[in-house]
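Asks: Take a look at this one; I'll ask things after.
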Amino acid sequence: MVSVTSSEASRSRSKKVCVIGAGPAGLVSARELRKEGHKVVVLEQNDDVGGQWLYQPNVEEEDPLGRSSVSVNGALKVHSSIYSSLRLTSPREIMGYSDFPFLAKKGRDMRRFPGHKELWLYLKDFSEAFGLKEMIRFNVRVEFVGEEEKEKENAKRWIVRSREKLNGKVVEEIFDAVVVATGHYSHPRLPSIKGMDSWKRKQIHSHVYRVPDPFRNEVVVVVGNSMSGQDISMELVEVAKEVHLSAKSLDISSGLSKVISKHPNLLIHPQIESLEDDGRVIFEDGSCVVADTILYCTGYSYKFPFLESKGRVEVDDDRVGPLFEHTFPPCLSPSLSFVGIPRKLIGFPFFEAQAKWIAQVLSGKSSLPSSDQMLQSVADFYRSRDLAGVPKHNTHDIADFTYCDKYADYVGFPHLEEWRKRLCLSALNNSQENLETYRDSWDDHELLQEALQSSHFTNLNC
C-alpha cells in the first residue's frame, strides 16, 4: 500500500467529507476518515451520539404505524426503535470495535448481554476516547443531498442542505464526498393485509413500542416471529389477557415452544388472512380471535428521503442499489458511499472495516474497479441471490462471517477472530434452545476465557 509521508501529499489527498449520522456506523466512519487525513463534518439529528441506541421514550408524536405521511420531509420524528427492556442478543465480547473492547465497567450494567443503555454508554465512551464530538453538529436534520451541477476538476462534489432543529436555520454546504450512515431500523416495514386500512381498533408497529403497561388486560396479536417479536410477546404475556403470535411458519424453535408451553395465554398462529370490521383477526388456517391491538414486529425498510441521486441509487423492495459491495454506487463512486447497509453481521467490526475502506479509497490509497466492472459485480450478486431463492427484500441480509473479511482484505485489516465467530454462534444456538434464559445462563465458559485472553482484551491502549 502507498503511504502518505508528507503533509503536502496528505493535503492533496484530503477530502472534505460529510458523514450523515452519529450512530455506530457514523462514529467509526468519522474516526477512520479523520485518521486518513480527511476533514470531517458529522451531521446528527439528535442531541447526542448513539443513533438507534439513543433511547427515545416519548413516542406520542409519532404515527403508530410510522407512516411517512406524518413525517418531516420524509423523515420520522422518532429515530430510535429501542424499547425500554431491550437487551442485546449478542454477548458484549463480540460487539466492540477492533481497538476498543466493550468492557464491563463497575457501577454500570456488567451483564454479558446488557441492556440498551450500556451499549449507548459504550458509544459515548468511544466518542470521547477518540475526540469525535468535535466533528459532530447535533440537532441538525439533513434535508437534501445532491450533486453540484458543475464538477470541479472532473470530480463530483455534493450539496448538503441541513436544518437546525432548534432555530430552523438552513445551512447549505459543498462537500467532496458524502458518507451515509443513517441506519436501517427506523422506518417500519408493514405487511399488506386485507382489511388493514379499515380496521378500527389499535394498530402499532414495534417502532413505537416502549413498555407493556398500555396493553394490560388486552388481547394482542403480535405479527412477526423475529427476535423482537418473541421478546415483546414474552413481555406482553405478563400483563395482557392473551397474546397471539402470528408467524410465517409454525416450525418454531424449541426455545419458543418452551415459552408457549409455560404460558397458557401465549398462542402461536399462522399468518393473518384478513382483518374484519367487528375486530376479528382471521388467520390462514381459519381460526380467529377478536383483538384489541395488533402489534407489527415486521422489520424495517431502507429509506433515504434526503438523497437526490437522479435515479442512480434507488430502493426497490428494500434492495438498495446498485451498490458495489453494498457500499459504493458505481456511477457516483467514490464520492458517495453507504456504511452499514448489510444486516445479520457482527456489526461494529464490519462497520469499522467498511469505514477504513471508504477512507482509503477517498485518499487514493485504495482504488475501485471501473464503473462497468462494479455494475457487473452487482448484477452477478443479484443473480446469485435470485438463484438461491432469497427474496429481494432480503438482499442485504448477509449472515456470512467471511463477508466482513472481504472488506478487511481490501485494506489489510485483520479478519474476524475465530473466538468472535464462535461466541456469536454459541449465543445464537443457546437462544434457539433457551429463549427465556440464554442471556443469563450459558455454557461457553471456556470459549469466553479464550476471548478474554486474546489480544483484543489484553492489549488495551484505550
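The values are calculated or read from the model by the stated rules, or taken from the named source; none is laboratory data. Predicted model only: the values in this text are computed from it and were never measured. With ideal geometry, Cβ positions are generated from the backbone for all residues, glycine too; neighbour counts draw on all protein chains shown. Each accessible area value is taken on the protein alone, full model and side chains, heavy atoms only, with ligands, DNA and RNA left out. Shrake-Rupley method; radii C 1.70, N 1.55, O 1.52, S 1.80 Å.
Asks: Regarding the stretch 356-363, can at least one residue be identified that is open to solvent by 30 Å² or more (accessible area, probe 1.4 Å) and of a type in the set (F, W, Y)?
Replies: Scanning the stretch 356-363 turns up no residue that is open to solvent by 30 Å² or more (accessible area, probe 1.4 Å) and of a type in the set (F, W, Y).
Yes/no matrix, rows are residues, columns are (1) over 26 Å from S254 (Cβ atoms); (2) out of contact with any helix residue (DSSP H, G or I) (no Cβ under 8 Å at 6 or more places or on another chain):
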residue	(1), (2)
P369	yes, no
S377	yes, yes
D380	yes, yes
T402	yes, yes
C424	no, no
E446	no, yes
S454	yes, no
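Asks: Does any residue of the stretch 327-350 turn out to be of a type in the set (K, R) and under 16 Å from the mean Cα position of the chain (by Cα)?
Replies: Yes, because at least one residue in the stretch 327-350 is of a type in the set (K, R) and under 16 Å from the mean Cα position of the chain (by Cα).
Asks: Looking at Y407, is it open to solvent by less than 20 Å² (accessible area, probe 1.4 Å) and over 24 Å from L256 (Cβ atoms)?
Replies: yes
Asks: Restricting the search to the stretch 303-330, which residues are in a strand (DSSP E or B) and either touching a strand residue (DSSP E or B) at 6+ places or on another chain (Cβ under 8 Å) or free of Cβ contacts under 8 Å to residues at least 12 places away in the same chain (or both)?
Replies: Within the stretch 303-330, L307, E308, E314, V315, V320, G321, F328 qualify.
Asks: Then there is this: Quickly run through the stretch 140-164 and pick out the residues that are under 24 Å from K77 (Cα atoms) and open to solvent by less than 40 Å² (accessible area, probe 1.4 Å).
Replies: Matches in the stretch 140-164: V140, R141, V142, E143, V145, G146, I159, V160, S162.
Asks: Something else about it: Specify the residue that is farthest from the chain's Cα centre (by Cα); the eligible residues are those in the stretch 212-251 that are of a type in the set (A, V, I, L, M) and either more than 19 Å from V281 (Cβ to Cβ) or open to solvent by 40 Å² or more (accessible area, probe 1.4 Å) (or both).
Replies: Filtering first and then ranking leaves V239.
Asks: Looking only at residues that are within 30 Å of E143 (Cβ to Cβ) and of a type in the set (S, T, N, Q) in the stretch 193-211, which one is most open to solvent (accessible area, probe 1.4 Å)?
Replies: Out of the qualifying residues, it is Q203.
Asks: Could you pull out the residue among P342, P330 that is over 15 Å from V17 (Cβ atoms) and either of a type in the set (F, W, Y) or surrounded by 23 or more Cβ atoms within 10 Å (Cβ to Cβ) (or both)?
Replies: Result: P342 is the single residue among P342, P330 that is over 15 Å from V17 (Cβ atoms) and either of a type in the set (F, W, Y) or surrounded by 23 or more Cβ atoms within 10 Å (Cβ to Cβ) (or both).
Asks: For residues in the stretch 165-183 being in contact (Cβ under 8 Å) with a residue 40 or more places away in the chain, open to solvent by 20 Å² or more (accessible area, probe 1.4 Å) and part of a loop (DSSP other than H, G, I, E, B), which is nearest to Q52 (Cα to Cα)?
Replies: G183
Asks: Pick from F381, F413, F401: which is within 24 Å of the chain's Cα centre (by Cα) and without any contact (Cβ under 8 Å) to a residue 40 or more places away in the chain?
Replies: Answer to the check: F381.
Asks: If you don't mind, another one. Has the stretch 274-297 got at least one residue that is closer than 30 Å to R383 by Cβ and at pLDDT 95 or above?
Replies: No: the stretch 274-297 contains no residue that is closer than 30 Å to R383 by Cβ and at pLDDT 95 or above.
Asks: If only one of S192, S261 is part of a loop (DSSP other than H, G, I, E, B), outside the structural domain of A155 (by the TED database) and without any contact (Cβ under 8 Å) to a residue 24 or more places away in the chain, which one is it?
Replies: S192
Asks: A further question on this structure: Looking at the stretch 124-136, is at least one residue assigned to a strand (DSSP E or B), modelled with pLDDT of 95 or more and either over 23 Å from L345 (Cβ atoms) or in the same structural domain as G51 (by the TED database) (or both)?
Replies: yes
Asks: Looking only at the stretch 114-123, count how many residues are open to solvent by less than 10 Å² (accessible area, probe 1.4 Å) and either in the same structural domain as D231 (by the TED database) or in contact with a helix residue (DSSP H, G or I) (Cβ under 7 Å, 6 or more places away or on another chain) (or both).
Replies: 3
Asks: Yes or no: the stretch 371-379 includes at least one residue that is within 18 Å of E93 (Cα to Cα), out of contact with any Lys or Arg (no Cβ under 6 Å at 6 or more places or on another chain), open to solvent by less than 60 Å² (accessible area, probe 1.4 Å) and not assigned by the TED database to the domain that holds S233.
Replies: Checked the stretch 371-379: no residue is within 18 Å of E93 (Cα to Cα), out of contact with any Lys or Arg (no Cβ under 6 Å at 6 or more places or on another chain), open to solvent by less than 60 Å² (accessible area, probe 1.4 Å) and not assigned by the TED database to the domain that holds S233.
Asks: Where residues in the stretch 269-292 are without any contact (Cβ under 8 Å) to a residue 24 or more places away in the chain and part of a strand (DSSP E or B), which of them is least open to solvent (accessible area, probe 1.4 Å)?
Replies: Filtering the stretch 269-292 for residues that are without any contact (Cβ under 8 Å) to a residue 24 or more places away in the chain and part of a strand (DSSP E or B), the one least open to solvent (accessible area, probe 1.4 Å) comes out as I282.
Asks: For the stretch 74-118, which residues satisfy the criterion of being farther than 21 Å from N459 by Cβ and β-branched (V, I, T)?
Replies: V78, I82, T89
Asks: Also, quick follow-up: Could you say which residue among K150, K117 is out of contact with any His (no Cβ under 6 Å at 6 or more places or on another chain) and closer than 30 Å to R422 by Cβ?
Replies: K117
Asks: If you go through the stretch 414-450, how many residues are open to solvent by 80 Å² or more (accessible area, probe 1.4 Å), over 29 Å from W357 (Cβ atoms) and in a helix (DSSP H, G or I)?
Replies: So the answer is 6.
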